[in-house]
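> There's a structure below that I have some questions on.
The values are calculated or read from the model by the stated rules, or taken from the named source; none is laboratory data. Fair warning: this is a prediction, and the values are worked out from it, not measured in the lab. Every residue, glycine as well, gets a Cβ built from its backbone with ideal geometry; the counts of neighbours run over all protein chains shown. Protein only, heavy atoms only, side chains kept; ligands, DNA and RNA dropped before computing areas. Shrake-Rupley method; radii C 1.70, N 1.55, O 1.52, S 1.80 Å.
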Amino acid sequence: AKDWSPETEWVKKMAGNLGEEWNAENLTHVGDEWSDRASLQQVIEEFITPWISASSVVAEIGVGGGRVAVNILSMCSELHCFDISSEMLKRARQAIAAVKLDSEVLVQYHELSTSILPADFSDKLDFVYSFDCLPHCDLHTIHAYLKEFMRVLKPGGNAMIHTSNITSPGGFSRFSRQKEASVQGFCWVSP
């Protein structure tokens with residue numbers, strides 16, 4: 001995160017898949033290089049917003065630069081931003097601070113050293129999600145987070161997770177071009 005910039009070569013390379021939409025001005029949050037805005041908005045509308053309301057307590061695992069958080073901030077009463085990187089949390093805090101809201105939303109930032117969420121989060125959340133984070137994690141880490149999701153969700157709460165899928169359109173092609181797991185790539189977990 002510290003080295004992320006729209007002008008960094010690896011960011012430009014990743015953003016190359018965005019086609020005509022790509023330019024430095026469109027890359028405002030860490031992670032914008034992964035998908036075009038329309039696709040991100042579709043994910044938010046189909047898999048996040050149906051599950052949250054103005055009274056929801058929500059958490060994002062792997063908040064990164066805050067690109068999803070800024071889009072759902074006005075839809076909940078409380079947002080907990082988790083990340084293993086203090087630099088990512090700093091970027092998310094800056095992105096969220098720039099959002100102008102009609103009502104006050106409690107936002108808290110939590111730096112994780114493991115995939116274990118704080119003990120006082122048991123049965124606390126209405127919704128927890130992780131988008132564009134778990135594709136960078138190995139299967140054991142993903143499993144640990146999934147167990148935590150079960151613990152921290154209120155009865156009847158919901159979750160949305162995003163992982164890499166080698167069987168998706170273009171999945172195997174992307175896998176075969178990647179020489180090893182890396183932050184700029186994926187940890188492929190599906191057969």
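> Which net charge results for the neighbourhood of Ala97, defined as the other residues with beta-carbon distances under 14 angstrom from its beta-carbon, given Lys and Arg at +1 and Asp and Glu at -1? Mind showing how you got there, number by number?
Details: positive: Lys90, Arg91, Arg93, Lys100; negative: Glu104.
Value of the local net charge: +3.
> Skipping prolines and chain starts, which residues have an amide H placed within reach, meaning under 5 Å, of the one on Leu79, given they are 5 or more residues away or on another chain?
Answer set, sorted by chain and number: Val58, Leu106, Val107, Gln108.
> Give the residue list of GluC sites (Glu not before Pro) in the stretch 111-191 that are DSSP loop and have at most 14 other beta-carbon atoms within 10 angstrom.
Answer in residue order: Glu180.
> Still on this structure, I have one more. Excluding Met75 itself, what net charge comes from residues whose Cβ is under 12 Å from its Cβ, given Lys and Arg +1 and Asp and Glu -1?
Charge balance near Met75 sits at -4.
> On the Cα set of the stretch 100-150, report Rg and Dmax in Å, please.
In Å, with Rg to one decimal and Dmax whole: 13.2, 41.
> Can you tell me the dipole magnitude for the stretch 98-191 around its Cα centre, using point charges on the Cβ only (Lys, Arg +1; Asp, Glu -1), in Debye to the nearest 20?
380
> At 0.36 nm per residue, and after removing the present C-alpha to C-alpha distance, how many nm does the segment from Glu87 to Gln42 gain when stretched out fully?
13.5 nm
> Please work out how much length the chain gains when fully extended from Ser168 to Glu180, using 0.36 nm per residue of separation minus the C-alpha to C-alpha distance, in nm with one decimal.
Contour length minus the Cα-Cα distance gives 2.4 nm.
> Identify, among Leu106, Ser53, Ser85, the residue whose Cα sits farthest towards the positive end of the charge dipole of the stretch 36-191, taking +1 on the Cβ of Lys and Arg and -1 on the Cβ of Asp and Glu, with the dipole about the Cα centre.
Projecting each Cα onto the dipole axis, the largest value belongs to Ser85.
> Here's a follow-up. Ordering Phe186, Phe127, Phe47 by accessible area with a probe of 1.4 Å, largest first, what comes out?
Largest accessible area first, the residues go Phe47, Phe186, Phe127.
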